[in-house]
Amino acid sequence: MSKIQIPHDAVVFIGDGRKALFLRNRGDEKFPNLRTERVFVDTNPATHEQGTERPGRGHSSVGPGRSAVESTDWHDLEEHKFVRAVSAALEKLVREQHVKALIIVAPPRTLADLRRDLHDDVKARLIAEVGKDLTKHPLYEIEKHLAG
């Protein structure tokens, strides 16, 4: 991964489908000093607590055939819902605090959801995207990953 210049006062979003961190660089480009501004943690209950029953069965109108209906992936739906909520909070932060530089670090699937959900004026402040999950790393390791 190449070195990323993190300007002073830039917002760094670290997230996946279950946890998101909004960090602010209180240092400078040479010596970043990331500080936590906000943390989001989603409660995604176990599968048996989310669905209602086992998948249904469909009957063919021609012949005796039957087939199973694919079950709903409740965890996947909850992760997409969480990313939408977090992207709305990120947009609000960027607009209210007049953020000039934004860096997003998330697994590829979460990055895709964010790209789809973020408004163009927020995307215009993006200076870097990193397709990696760093949500379980401490701040000093995140700094090391990003600044090289």
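The values are calculated or read from the model by the stated rules, or taken from the named source; none is laboratory data. Since the structure is predicted, the reported quantities are computational estimates derived from the model, not experimental observations. Because the Cβ atoms are built from the backbone with ideal geometry, glycine has one as well, and the counts that use them run over all protein chains shown.
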Quiz prompt | Number of the exception - D133 against (1) in a helix (DSSP H, G or I); (2) acidic (D, E); (3) in contact (Cβ under 8 Å) with a residue 40 or more places away in the chain | solution = (1)
Quiz item: charged (D, E, K, R), closer than 12 Å to G17 by Cβ and at pLDDT 90 or above, is that true of R95?
Solution: no
Quiz prompt | Unmet criterion (only one of (1) in contact with a helix residue (DSSP H, G or I) (Cβ under 6 Å, 6 or more places away or on another chain); (2) surrounded by 18 or more Cβ atoms within 10 Å (Cβ to Cβ); (3) under 21 Å from H8 (Cα atoms)) for L118 | solution = (3)
